[in-house]
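See below for the structure under consideration.
The values are calculated or read from the model by the stated rules, or taken from the named source; none is laboratory data. It should be emphasised that the depicted structure is a prediction, and the values quoted were computed from it without experimental measurement. Note that we place each Cβ from the backbone using ideal geometry, even for glycine, and neighbour counts take in every protein chain shown.
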Amino acid sequence: MCSRLVFATLLAAISFWSASCAVPLGPGYTIEKQEARVQFVTAPEPRIRIEADYQLKNTGNRPLHELEIRLPGRRRFSSSEVRASWDAAALALEKSPANPRNTLITLGEPWRASARHTLHLSMEFLPAKEGETTLSFSKDAFFLPAAGWSAELLPPGGLFTTGGVPPKRWNLLVTVPEGFQIHTSGVPTKSKGKGREFTVLALQRQKDPYPFVIAGRYSAAEIGKGTERLHLWTNEQQESVGLQEMRDALTRVVATYDAAFGERSKDSSQTWIVECPVVVGCFTTLNPLTAKLLGGDENERTTAEMISHDTMVVDFSGGTPKLAAAAAPSLAASWLGYAQNPGFYEQKPPLSLFPAFAAALGHDAAQGTESREETIRRALRLIPTNGKPQQEDDPAVLRVKSFLFFYALQDRYGQEVFRKATQYMLYARRERGFELSDLIAAFERETHQNVAEFVRLWMKRPGVPEEFRARYEGTAAATNDKETRP
């Protein structure tokens, strides 16, 4: 009898909990349907028109009086005034008092619970003016990088709020002049021409959280075979000799990344390398330390950058022979970081130098077989040899030491173990970020050894282990002696 009473009580509690889950606990809304339209116009001057429609339902527990959205940043995009309407009635926009980066839309009437409405947003992106460094484009090509160019709807303020999440599937329509090459996020489902324009419909899915577009009158070439292919889009057709040199170098880069981190998934095994429409404003990143570690000028400007998980924009002014080495660091993100693992870019040492290590692998592969040792020796010269046993490393030295730490892992456990361990870590922590403990666990899973002790000896003691320094500085001394011997 007692057991029946307990069972009935438990069943009632479960039923109550299940029923309560359907009841909203705070204010919120759902985006039931969404569509974004991008139109590239060349006359009288080039501009990018963007319109978006959101069919919304108030799924919260009370009426809403305003919506908060995040619009494209003025530092990155030069745009016209944003226009908004609510069921075709114009709305006023103002900066959010709580966060100046956001925009507040005040609704004319309270948005009742369970009621549905349509929000419409429109804007135009304009080319950068002389002296500006915002994203620019020409009459022959443009791109919209993943994240940042489209409006982001935000949940209401307060506790237990919901809202702003795109539907599982939504449409992105891109209209461009005839003769344009076009590549977008999502899955292209159909295209149609009208007059001197054509439109591509690309279905966006949950696996495409950051929509992007790149298009232009490009000359196209393909590098690679099978599933691993690189698509090269340039303003002018490249000479066959230079193209072959670049093809060979990029093939080595791809093979190196496959060997170090495992082959990419089928969804990301193709990469587009596209010439910048306008070099000024094309790039946003500059990492002086990475440039120094790769043997370049720490003030040298960026010449290649990923704009999505599978697309890179590049500056071809240096010619095709130098492109592979310039593109390799950015290309690493296609294997490891872009929109997949937040921890790839936001970490503490030693993992904060994982991107630089990945960049160096590709850079060395593009340069030649002896580059790995030279890269290590170059980094060793930045670390003093007279550190005291209890002395902590200078922050700048710690970053270089962290960079070398990954080479030490390769040397200690072998290339194959390194590949399996890092691939497992990146896959297991996909879209969640990772910590040093995840790296240690992945290596211990493969080696069944105390990897934590190796990490502690490398990272906690000042400088680098003498054995590691002697291995590479000794190689350099032996090479120099051989070259100077009569």
Quick one: is A128 modelled with pLDDT under 90, of a type in the set (A, V, I, L, M) and either within 20 Å of W272 (Cβ to Cβ) or in a strand (DSSP E or B) (or both)? no
Kindly indicate the residue of the stretch 278-293 that is surrounded by fewer than 19 Cβ atoms within 10 Å (Cβ to Cβ) and part of a loop (DSSP other than H, G, I, E, B) and also modelled with the highest pLDDT among those meeting that condition. V278
I'd like the full set of residues that are surrounded by 15 or more Cβ atoms within 10 Å (Cβ to Cβ) and of a type in the set (K, R), limited to the stretch 69-97. R70, R76
Exclusive hit being of a type in the set (G, A, S), assigned by TED's automatic domain parsing to the domain that holds E152, farther than 20 Å from W170 by Cβ and touching an Asp or Glu at 6+ places or on another chain (Cβ under 7 Å), set S96, S114: S96
Scanning the stretch 98-130 residue by residue, the ones that are exposed (fewer than 14 other Cβ atoms within 10 Å of the Cβ), within 28 Å of the chain's Cα centre (by Cα) and polar (S, T, N, Q) total 1
Could you check, for the stretch 185-207, whether at least one of its residues is small (G, A, S), crowded, with 21+ Cβ neighbours inside 10 Å, at pLDDT 80 or above and not assigned by TED's automatic domain parsing to the domain that holds A43? no
